[in-house]
1. Where Lys and Arg each count +1 and Asp and Glu each count -1, what net charge lies around Ser101 among other residues with Cβ under 15 Å from its Cβ?
2. So what J values fall out for the range 94-110 if you push phi through Karplus, 6.51 cos²θ - 1.76 cosθ + 1.60 with θ = phi - 60°, rounded to Hz, Gly and Pro as x?
3. Once phi is turned into θ = phi - 60°, what whole-Hz ³J(HN,Hα) does the Karplus curve with 6.51, -1.76 and 1.60 give for every residue of the range 159-167, x standing for Gly and Pro?
4. Give the shape of the range 156-210 as rounded, prolate or oblate, defined through the alpha-carbon gyration tensor: a ≥ b ≥ c are the square roots of its eigenvalues, a/c under 1.5 means rounded, and otherwise the shape is prolate if a/b is larger than b/c and oblate if not.
5. Over 28 Å between Cα atoms, which of Lys41/Lys64; Lys64/Lys166; Lys106/Lys128; Lys41/Lys63; Lys64/Lys106 qualify?
Amino acid sequence: MDNYKFVRVKGSPVSDRELIDDLKTVANLTNKKTVTQNDYKTWGKFDCSTQSRRFGTWNDALKKAGLFVSNEPNLSDERLYENILTLWQYLGRQPRRRELSLEISKISQSPYNRRFGSWTAALETFVKYMNENDQESGNVEYTKERRISRITGRDPSLRLRFKVLKRDNFRCVSCGASPALTPGIELHVDHIIAWSNGGETVPENLQTLCSNCNLGKSNVE
């Protein structure tokens, strides 16, 4: 018995679902969390321009398919630094350029090259930024007994988070867990005296806890 195979007639309309599914197929074939236009030209069934026209832009098509946008334009320095901090925390050390391809990283190398010229320059700028003083990390005289006239906000800045994580060696101060040693561990920068109880957002009142220890701490407070 002959096998039947569907062959699309050239020029026939393509549904949104077919376009989205094809993007997902290419992502699976290349084992990536995103799809570049070069990848799609090699493995995709349709034209890149078809995807872009249908959904607005190439990045919009990726978002519709639930894929990661790795080459988003005009990313702020804060977003770029946040991604470096995420990688640094995950690895427990300064990240290398090739590690931008890890699933934990939400930004590829290209935005760093566009903004800073190179990955090395991006790291140098990140470290310089993190080593600068800000009001939260250096200008508040703090004791655990002081719970009145709070002068800091609730959420630590990116710079302060990095300083606390680095001080605690990117490990939970309660159980010693580290993402670099145990995949899946998530670290939080947490108040020792709760902010709701008057605790300030300063290094002396902040600690690194894994999600499990932080949850346990919340349950007993």
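1. Values: positive: Lys32, Lys33, Arg96, Arg97, Arg98, Lys106; negative: Asp39, Glu99, Glu103.
Taking every other residue near Ser101 into account, the sum is +3.
2. Here the 3J(HN,Hα) series is 4, x, 9, 4, 5, 7, 5, 7, 5, 4, 5, 7, 9, 9, 7, 6, 3 Hz.
3. Computed from phi, the couplings for the range 159-167 are 4, 5, 4, 4, 5, 5, 4, 5, 4 Hz.
4. Values: a/c = 2.42, a/b = 1.77, b/c = 1.36.
It comes out prolate by the Cα gyration axes.
5. Numbers: Lys41/Lys64 19 Å; Lys64/Lys166 37 Å; Lys106/Lys128 22 Å; Lys41/Lys63 18 Å; Lys64/Lys106 17 Å.
Table pairs above 28 Å Cα-Cα are Lys64/Lys166.
Quick note: the coordinates plus some simple rules give every number you see, no bench work behind them. Quantities reported herein were computed from a predicted structural model and do not represent experimental measurements. Every residue, glycine as well, gets a Cβ built from its backbone with ideal geometry; the counts of neighbours run over all protein chains shown.
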